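All of the numbers you see were taken from the coordinates with simple rules; none came from a lab. As the structure is a prediction and not an experimental result, all values here were calculated from the model. Cβ atoms come from the backbone with ideal geometry, glycine included; neighbour counts cover every protein chain shown.
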Amino acid sequence: CADRRVVCWAVWSSSTPTGSVASSTRSRRSRDRRCPTQAPAEPMPPPRKAMVKALHAVADRAPKARVLVVGYPWILPPTTGCYPTMRIAAGDVAYIRDLQATLNETVARAATETGATFVDMSTVSEGHDACQPEGVRWIEPQVGSSAPVKVHPNVDGQRAIGAQRDRHRRLCRGRPHG
């Protein structure tokens, strides 16, 4: 890996700014006879086909590159939120975590399918979510942050992502590239 070009692709998105995604979806659907009375059992995954296509395009343009795809660090803690710092209703924290886990699983599958390496941030980012105090958090909250970009990694988060990337680069030395 040391003598090959390393391509990193970080995937980021924003979160719902206010309200209750899961409960408002259920209550709206229960009043609408055209829709089922239950919210979907699983959140809709991101467009895996588009990710696979993009990763194949990278491999076509850089056939000797070791491609690393970096997953999302946790945005919220596992069970409780921190409204109003993060404008996610307490009842929706588990839903958002599940949605984020589904996104990471989908990105990991796309990486595996194309011979890329998935850099999982979920374990190392536990306890560094946007609800943590400054100096502990790796993700900036929606409210109470002076960072120009909210719900994205701060300097500490970027350093942690870089450290995980470097760890994966060291692990892949001597392994054939995909």
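A few notes on this one:
- Cα coordinate range in region 57-178, projected on the principal axes (Å, largest first): 47, 26, 23
- Across region 120-160 the C-alpha pair distances fall into 10 Å bins from zero in the proportions 35, 56, 8 percent.
- For region 63-104, dividing the convex hull volume of the Cα atoms by the residue count gives 76 Å³ per residue.
- Interchain or long-range residues, amide H under 5 Å from TRP138's placed H: ASP129
- Charge tally around ALA163: other residues with Cβ under 14 Å, Lys/Arg +1 each, Asp/Glu -1 each, net +2.
- 3J(HN,Hα) along region 145-162: 10, 9, 5, x, 10, 8, 6, 9, x, 8, 4, 5, x, 5, 4, 5, 4, x Hz, from the Karplus curve 6.51 cos²θ - 1.76 cosθ + 1.60 with θ = phi - 60°, whole Hz, x for Gly and Pro.
- Backbone geometry of region 127-144 corresponds, through the Karplus equation with coefficients 6.51, -1.76 and 1.60 at θ = phi - 60°, to 3J(HN,Hα) couplings of x, 10, 6, 5, 7, 7, x, 4, x, 10, 6, 10, 10, 7, x, 5, 10, x Hz, x marking Gly and Pro.
- In sequence order, region 68-84 has phi-based couplings of 10, 10, 8, x, 7, x, 4, 8, 10, x, x, 10, 10, x, 9, 4, x Hz under the Karplus curve 6.51 cos²θ - 1.76 cosθ + 1.60, θ = phi - 60°, and Gly or Pro positions carry x.
- Amide H within-cut-off set for VAL70, under 5 Å, with H built and near neighbours excluded: TRP9, ALA10, VAL11, VAL119
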